[in-house]
1. So Tyr481 fits all but one of (1) surrounded by 15 or more Cβ atoms within 10 Å (Cβ to Cβ); (2) under 24 Å from Val334 (Cβ atoms); (3) out of contact with any Phe, Trp or Tyr (no Cβ under 8 Å at 6 or more places or on another chain); what number is the exception?
2. Only one of Ala376, Ala415 is part of a helix (DSSP H, G or I) and crowded, with 22+ Cβ neighbours inside 10 Å. Can you tell me which?
3. Scanning for something crowded, with 20+ Cβ neighbours inside 10 Å and under 24 Å from Arg182 (Cα atoms), does segment 96-105 turn up at least one residue?
4. Any residue in segment 329-340 that's touching a residue at least 12 places away in the same chain (Cβ under 8 Å) and in the same structural domain as Leu288 (by TED's automatic domain parsing): show its pairings with residues that are crowded, with 24+ Cβ neighbours inside 10 Å and part of a loop (DSSP other than H, G, I, E, B) at Cβ separation under 7 Å, as long as the two are six or more apart or on different chains.
5. When segment 166-175 is examined, which residues are found to be touching a residue at least 60 places away in the same chain (Cβ under 8 Å) and either under 23 Å from Arg107 (Cα atoms) or of a type in the set (Ser, Thr, Tyr) (or both)?
6. Test each condition in (1) out of contact with any Leu (no Cβ under 9 Å at 6 or more places or on another chain); (2) farther than 20 Å from Leu343 by Cα; (3) crowded, with 24+ Cβ neighbours inside 10 Å; (4) not small (Gly, Ala, Ser) for Met420 and report the one that comes out false.
7. The conditions are (1) more than 30 Å from Ile382 (Cβ to Cβ); (2) touching a residue at least 12 places away in the same chain (Cβ under 8 Å); (3) over 27 Å from the mean Cα position of the chain (by Cα), and Leu478 fails exactly one of them. Which is it?
Amino acid sequence: MRVALGQFNAVVGDLAGNAERMRRIWAGALESDVDLLVFPELAVCGYPPEDLLHKKHFLQDCRTMVEKLASDCPDKTIIVGFPESYQENSFDSAAVLQAGRISKIYRKALLPNYGVFDEQRYFQPGTEPVVIKTGDLNVAVTICEDIWDIKWLGNFLGDAGKIQMILNISASPFHMGKIKQRQEIVRNCAKKFNCAVCYCNLVGGQDELVFDGRSCFADSTGKMATKARAFEEDLLIADIVPVGEEAVQVRPLESPAPQPSDLVDEVYQALVLGTRDYTRKNGFEKALLGLSGGIDSSVTAAIAAAALGAENVVGLTMPSKFSSAETMTDAARVAKNLDIGFLTISIEPILEQFNRSLQPVPGWDDKGVAYENLQARIRGTILMSLSNHFGFLVLTTGNKSETAVGYATLYGDTAGGFAMIKDVPKTLVYKLAEHVNKITGRQVIPADVLNRPPSAELRPGQKDSDALPDYDLLDKILKGYIEEDKSAQQLVESGLPQDVVHKVIRMVDRNEYKRRLSPPGVKITPKAFGKDRRLPITNRYSSSP
């Protein structure tokens, strides 16, 4: 039996557009004489549709679109994910389309409710397995989480008889290194049930989430036979061939697609895709960002240029009397190296006028934090004014390390529509800069930018290290506290300095309100701020004294 996995970039809510993409893929699958064509979880409506699922007319429109897809594509068997209203409940379902109609429906039984997943908010669990006969094979239909608990799945499929293939449609979002865990799940499933496993994953960016695709086939020994492209649409085709009474082989039609070279490359590709899709899917053509000559804005500009095309990115440098000649020169060099648009607007006259206007306020002076933050807010106002004037999307440039501890100015450097690197730790930002230079084969991001001590340049001689620990140490503490939920005591017992641990935890805890008021950005770590990590703003609990 020849199976095709139609890994494509669905747009949430674009039912007609998603169906048209699937029709085009179906036409290509026919040319390859495919017997079974598979699309990802909730492919009809995109994932995650969130509270659209509370709208009954939305669910009915999804059902109507599935029925139309069935009638438009009557040849072969198609399996497609959609949200279903059935007997006054909602389900995450997979429709089996045969001979121009819906022949069977499988309803997802295991509903994840952790991290970025809220499926128990919307769906009821299915209770019945679905096994279809396609060619000479018995195929069990599953959806995403169903194969992540193999013991449960064995009980669920208990009386289904001999199964030659488990088919899993998925919308599994990306984070660093997740592909290893996902592939291990597929391998274990194949070995446990002694059958082939076909895994079809979504691809594309949706708000904070990026889906990396990498659909795959495994044979009955658990060997990964072939894998689709990462972060791109793909049609992965293989022949599923029973060998004797037990084994099942997978014979790919083409050589496996190239994959990211390492974790940094995978993060880079995720950021490019996430930025491109957030921008385009929300109706923007061009992006604008503050280009300071520092590492964060340089990396953001490079990724934006890769995502949108250099002609669609504009960098804006906004120097003050505290800006060094080196950083202004480096900002211009980065823009030139990337061939993006570049503007210079000095904030000094505006800052002087603001300062004069605030002189009547008792206690106001130009030496405190408020004066420093005023500079950032002037820059934010300029960026948002140009965004308003030209219709460009403003990209903010703050990283996860700064976002975590509140080293940012509300309505200043947090002003914008998309925070591309908000989940990228500072230490990883440097690796991304080196990666940009490596893949372009030239020094796009100058050595001075990589080597200069980071500074906000809001007062004379300012450095990030004046307010923050060394970033290597800071990122270790943040990973433990935020991503691994360790207490202050556990972090100290692991060998981290007690005074720094307590200081960092206090900074993280008291800046929840700033994170809530910041734009969304691409999730690339196992636990990102936003959908992953949700804490109350008003909160007096802390593991640090």
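The values are calculated or read from the model by the stated rules, or taken from the named source; none is laboratory data. Quick caveat: nothing in here was measured; it's all calculated off a predicted structure. Backbone-built Cβ (ideal geometry, glycine too); neighbour counts: all protein chains shown.
1. The failed condition is (2).
2. Numbers: Ala415 fails: part of a helix (DSSP H, G or I).
Going through Ala376, Ala415 in turn, just one is part of a helix (DSSP H, G or I) and crowded, with 22+ Cβ neighbours inside 10 Å: Ala376.
3. No.
4. Between residues of segment 329-340 that are touching a residue at least 12 places away in the same chain (Cβ under 8 Å) and in the same structural domain as Leu288 (by TED's automatic domain parsing) and residues that are crowded, with 24+ Cβ neighbours inside 10 Å and part of a loop (DSSP other than H, G, I, E, B), the close pairs are Asp330/Gly293; Ala331/Leu291; Ala331/Ser292; Ala331/Gly293; Val334/Leu291; Val334/Ile445; Ala335/Leu291.
5. Quick first cut of segment 166-175, residues touching a residue at least 60 places away in the same chain (Cβ under 8 Å) only: 167, 169-171, 173-175.
Hits for segment 166-175 are Leu167, Ile169, Ser170, Ala171, Pro173.
6. (1)
7. Condition (3) is where Leu478 drops out.
Matching residues to (1) of a type in the set (Gly, Ala, Ser); (2) closer than 30 Å to Thr427 by Cβ; (3) not assigned by TED's automatic domain parsing to the domain that holds Leu202:
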site	(1), (2), (3)
Gly222	yes, no, no
Thr226	no, no, no
Asp234	no, no, no
Ile237	no, no, no
Glu245	no, no, no
Glu254	no, no, no
Ala270	yes, yes, yes
Glu285	no, no, yes
